[in-house]
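Chemist: The structure that follows is given in the form of structure tokens.
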Amino acid sequence: MEEKLTQRSVWEKISNKLSKRSLWMLHYCTGCGAIELPPTMTARFDMERFGISPMVTPRQADILLITGYLSVKTLKRVVLTYEQMQAPKYVVGFGSCTINGGMYWNSYSTMKCLDQYIPVETYIAGCMPRPEAIIASFNDLIAKIDRGEANSWKDYYKNYDFYKANQDRTFEGPIETYNDIKADAAMFNIK
Ligand code: SF4
């Protein structure tokens, strides 16, 4: 079926084409897998050739890379960081620990499924994933952005009550993030 073009859809296509080659990545190095990032960033694998560079602040970052297991304390910081990022934003769960708890699956103090707390755009499986896997996953993400399919961030606005309930249960009470997610959803016209 022929796609109906509107001013908004044309703008989104242009925006996707531009942003897919200009991604800033904030890496939240909680787990041991973080050791694979220096070779990914530096001369041997050189992720910058794909347009991905490190960024030090959440407000300028497009990608939030979580490099392993999260405790309750670090998960809280991840939620605070995620909410500060401007949309569109893409969370990448790096390593088995972010998928199902990995080798800490039965630990009392670590989180098991990152996507119960914030939307995850893509996971990189493995313990620990090698730079080749990181690069392959970034290329998948770039292709997804190009096709206009990297929209998991919208889920946080659509299903905020679900994420908030999981956060509150884990943190044993609400945390103050100073962000009005429902107002943001209205601004993006997300229902
Ligand atoms: S997946 Fe493996 S390498 Fe990554 S944080 Fe967990 S235990 Fe460490």
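Read the figures in this text as sums done on the coordinates, not as results from a lab. Quick caveat: nothing in here was measured; it's all calculated off a predicted structure. Backbone-built Cβ (ideal geometry, glycine too); neighbour counts: all protein chains shown.
Chemist: Quote the relative contact order of the chain in percent (integer), defining contacts as alpha-carbon pairs under 8 Å separated by 6+ residues. Show your work: numbers first, answer last.
Modeler: Numbers: 301 pairs, mean separation 39.3, N = 191.
Contact order relative to length: 21 percent.
Chemist: If r is the Cβ-Cβ distance from I190 to R130 and R0 is 41 Å, what FRET efficiency results, to the nearest 0.05? Walk me through the numbers before you get to the answer.
Modeler: Working: r = 36 Å, r/R0 = 0.89.
After rounding, the FRET efficiency stands at 0.65.
Chemist: Explain nothing, just the number: dipole magnitude of the chain about its Cα centre with +1 on each Lys and Arg Cβ and -1 on each Asp and Glu Cβ, in debye rounded to the nearest 20. Can you show the working numbers first?
Modeler: Working: 23 positive and 21 negative charges, 28 e Å.
My answer is approximately 140 debye.
Chemist: Let a ≥ b ≥ c be the square roots of the eigenvalues of the Cα gyration tensor of segment 1-45; is it rounded (a/c under 1.5), or, if not, prolate (a/b larger than b/c) or oblate? The partial results should precede the final answer.
Modeler: Values: a/c = 3.75, a/b = 3.04, b/c = 1.24.
Judged from the Cα gyration tensor, segment 1-45 comes out prolate (a/c at least 1.5, a/b above b/c).
Chemist: At 7 Å along Cα-to-Cβ for each site, give me the label-to-label distance between A143 and Q116 in nm.
Modeler: Calculated label separation equals 3.2 nm.
Chemist: To the nearest 0.05, what FRET efficiency results for N100 and V10 with a Förster distance of 41 Å applied to their C-beta separation? Could you put the intermediate results ahead of the total?
Modeler: Working: r = 41 Å, r/R0 = 0.99.
About 0.50, to the nearest 0.05.
Chemist: What distance in nm separates the two pseudo spin-label positions at N179 and Y160, each 7 Å out from Cα along the beta-carbon direction?
Modeler: Those two pseudo-labels are separated by 1.0 nm.
Chemist: What does a probe at I35 reach in segment 47-69, counting residues whose amide N is under 18 Å from the point 7 Å along Cα→Cβ?
Modeler: 67-69
Chemist: OK, next. At what distance in angstrom do the alpha carbon centres of segment 125-148 and segment 48-97 lie from each other?
Modeler: 14 Å
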